[in-house]
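The values are calculated or read from the model by the stated rules, or taken from the named source; none is laboratory data. This is a predicted model, so every value here is computed, not measured. Cβ: placed from backbone, ideal geometry, glycine included. Neighbour counts: every protein chain shown.
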Ligand code: GDP
């Protein structure tokens with residue numbers, strides 16, 4: 001519990017740093033139109049997006065009416081409830097099924113924290129007695145391959161990597177090797193940037209297709225890593241990658257930094273894909289499961 005408190009504090013500190021604190025809206029004494037207007041501004045400033053902001057305000061007004069709340073502090077508590085309810089569909093753990101290997105394809109634009117998250121995920125799985133094989137399918141960037149190699153060594157897991165190889169071929173080999181070596185999980189790291197965005201989506205689709213040739217039920221999960229600091233941009237990435245690949249889960253990183261947090265509400269409203277994990281630091285243990293209620297409370301603390 002001590003550890004959990006640690007990351008909640010970091011999350012709160014990170015959210016506070018943005019200065020767009022939603023809580024200041026509730027320091028007055030009256031519940032009036034001005035309060036709702038201020039709240040609307042604060043939610044938008046926190047990256048909540050127009051649709052989720054409108055939904056939350058509407059929901060909140062109903063709750064205020066039903067509960068006959070009489071002071072702003074009570075309204076704040078009702079907002080926390082409304083936000084937790086909105087975020088609830090995102091709260092779902094990653095479960096590794098009986099099928100071996102479970103193939104998890106991981107995508108994300110460069111800098112989102114993809115490689116770091118794969119390292120953290122590898123450790124998380126290893127800690128839960130899963131054997132992992134890494135596939136370095138970002139053959140485009142030598143640095144990406146090396147970085148993944150460092151994570152593999154650190155976690156003492158095997159890695160399939162091939163300088164300048166075809167990303168889909170590397171993925172195919174990795175899934176085949178995962179089967180032959182009876183691994184529980186194959187984690188496929190993909191490129192985050194190619195000369196053009198169009199190429200990237202084509203390449204990712206091809207990797208997905210070829211993975212299913214090595215195992216017709218794979219990939220079992222297609223994850224997108226997004227940087228929690230990037231607001232509306234992160235939501236746009238979720239939509240674009242989901243349309244190209246069919247996402248099954250998200251990892252939202254850097255929520256310990258200056259993230260405004262509201263982007264999760266925007267995702268819940270517009271593209272509710274489960275948030276399997278959140279990243280709350282650069283260290284290997286800084287990966288947490290997402291809790292809608294805790295997150296809502298941290299955002300409004
Ligand atoms: P990639 O290009 O998507 O593979 O991104 P990297 O994994 O290389 O991460 C980019 C930078 O973000 C690195 O400096 C990481 O240490 C940092 N980073 C990744 N996840 C987190 C996180 O949850 N919190 C913080 N503070 N930094 C992170």
Original post:
How many residues does the stretch 86-112 hold that are in contact with a helix residue (DSSP H, G or I) (Cβ under 9 Å, 6 or more places away or on another chain) and either in a loop (DSSP other than H, G, I, E, B) or within 16 Å of the ligand (Cβ to nearest atom) (or both)?
Top reply: 13
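Confirm whether residue 125 is more than 8 Å from the ligand (Cβ to nearest atom) and either under 19 Å from residue 208 (Cα atoms) or not in a helix (DSSP H, G or I) (or both). Steps first, answer last, please.
Values: more than 8 Å from the ligand (Cβ to nearest atom): yes; either under 19 Å from residue 208 (Cα atoms) or not in a helix (DSSP H, G or I) (or both): no.
Here the answer is no, as residue 125 does not meet what is asked.
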Original post:
Which condition breaks for residue 233 when tested against (1) in contact with a strand residue (DSSP E or B) (Cβ under 9 Å, 6 or more places away or on another chain); (2) at pLDDT 95 or above; (3) part of a helix (DSSP H, G or I)?
Top reply: (2)
Original post:
For residue 106, which of the numbered conditions (1) at pLDDT 95 or above; (2) more than 25 Å from residue 222 (Cα to Cα); (3) crowded, with 22+ Cβ neighbours inside 10 Å fails to hold?
Top reply: (2)
Subject >> Single match in 275, 252 (criterion: modelled with pLDDT of 95 or more and within 11 Å of the ligand (Cβ to nearest atom)) >> reply: 252
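Between 68, 30, 123, which is without any contact (Cβ under 8 Å) to a residue 12 or more places away in the chain and either out of contact with any helix residue (DSSP H, G or I) (no Cβ under 6 Å at 6 or more places or on another chain) or surrounded by 15 or more Cβ atoms within 10 Å (Cβ to Cβ) (or both)?
Numbers: 30 fails: without any contact (Cβ under 8 Å) to a residue 12 or more places away in the chain; 123 fails: without any contact (Cβ under 8 Å) to a residue 12 or more places away in the chain.
When all the criteria are applied, what remains is 68.
Would you point out which residue out of 285, 237 is within 16 Å of the ligand (Cβ to nearest atom), touching a residue at least 12 places away in the same chain (Cβ under 8 Å), more than 11 Å from the chain's Cα centre (by Cα) and closer than 16 Å to residue 114 by Cβ?
Working: 285 fails: closer than 16 Å to residue 114 by Cβ.
Unique residue meeting the criteria: 237.
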Subject >> Scan of the stretch 128-144 for residues that are outside any loop (DSSP other than H, G, I, E, B) and within 11 Å of the ligand (Cβ to nearest atom), ordered by number >> reply: 143, 144
**OP:** Give me a count of the residues in the stretch 255-269 that are over 17 Å from residue 300 (Cβ atoms) and within 15 Å of the ligand (Cβ to nearest atom).
**Re:** 3
